[in-house]
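Heads up: the structure comes next, in structure tokens.
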Amino acid sequence: MDKNGQKSTIFKYKATLVRRILIKNPDITATRLAKKMKWDRKTATKYLKYVKESNIRRTEAQIDSLKKKPVEAELAEMETENKEVLRYLWSIAANKKVKDSDRVAALRAIQTVKKDLFGLKFDAGLFIKSLGKLDINVPELVRRIRKENESSGDNSESSL
């Protein structure tokens, strides 16, 4: 550590190397790490401990941020960002001075952005699925059928 209590650049670089090794081999021991990096076991243990603890802290921070920020808020943020992107893409698509191929590419990108955002919203459950549901007022339907039967002269209710 330097005089301000910060980890040095060399320490952070070595920790990054250890993090990469842990990604490839998550069950590596300090002894095997020391052999691989040509360090003594004490140094390897120090780096393993630091990297694992920092991974835990990072994961906990991500979980805390997810608890504080609901999916709807994250989607709203993404939608705001996408609106800016769409505004830029529409300016390209509407510009007559831009090559036709670029305008077509902008229109395709607009379609992709909208489709992807819809997919995210749908997956998050922000839409109510109405497939397979009948939006019928049954008493009203029965009344209409009776009225139709009466006007046609058929008074039997066996058709219901």
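Can you find, within segment 18-35, the residue that is farthest from the chain's Cα centre (by Cα) among those that are surrounded by 15 or more Cβ atoms within 10 Å (Cβ to Cβ) and among the hydrophobic types (A, V, I, L, M, F, W, C)? Taking the candidates together, the pick is ALA34. Close contacts from segment 64-92, counting a first residue that is of a type in the set (Val, Ile, Thr) and a second that is modelled with pLDDT under 75, with Cβ to Cβ under 9 Å and a gap of 6+ residues or different chains, come to VAL71/LEU126. Note on segment 4-29: residues that are more than 21 Å from ARG58 (Cβ to Cβ) and touching a Leu at 6+ places or on another chain (Cβ under 8 Å) total 0. Scanning segment 36-47 for residues that are surrounded by 13 or more Cβ atoms within 10 Å (Cβ to Cβ) and basic (Lys, Arg) yields LYS36, ARG41, LYS46. Within segment 95-128, if we keep just the residues that are assigned to a helix (DSSP H, G or I), of a type in the set (A, V, I, L, M) and more than 18 Å from the chain's Cα centre (by Cα), the residue that is farthest from GLU79 (Cα to Cα) turns out to be VAL104.
The values are calculated or read from the model by the stated rules, or taken from the named source; none is laboratory data. From a predicted model like this one, the values you see are computed outputs, not experimental measurements. Note that each Cβ is placed from the backbone with ideal geometry, even for glycine, and that neighbours are counted across all protein chains shown.
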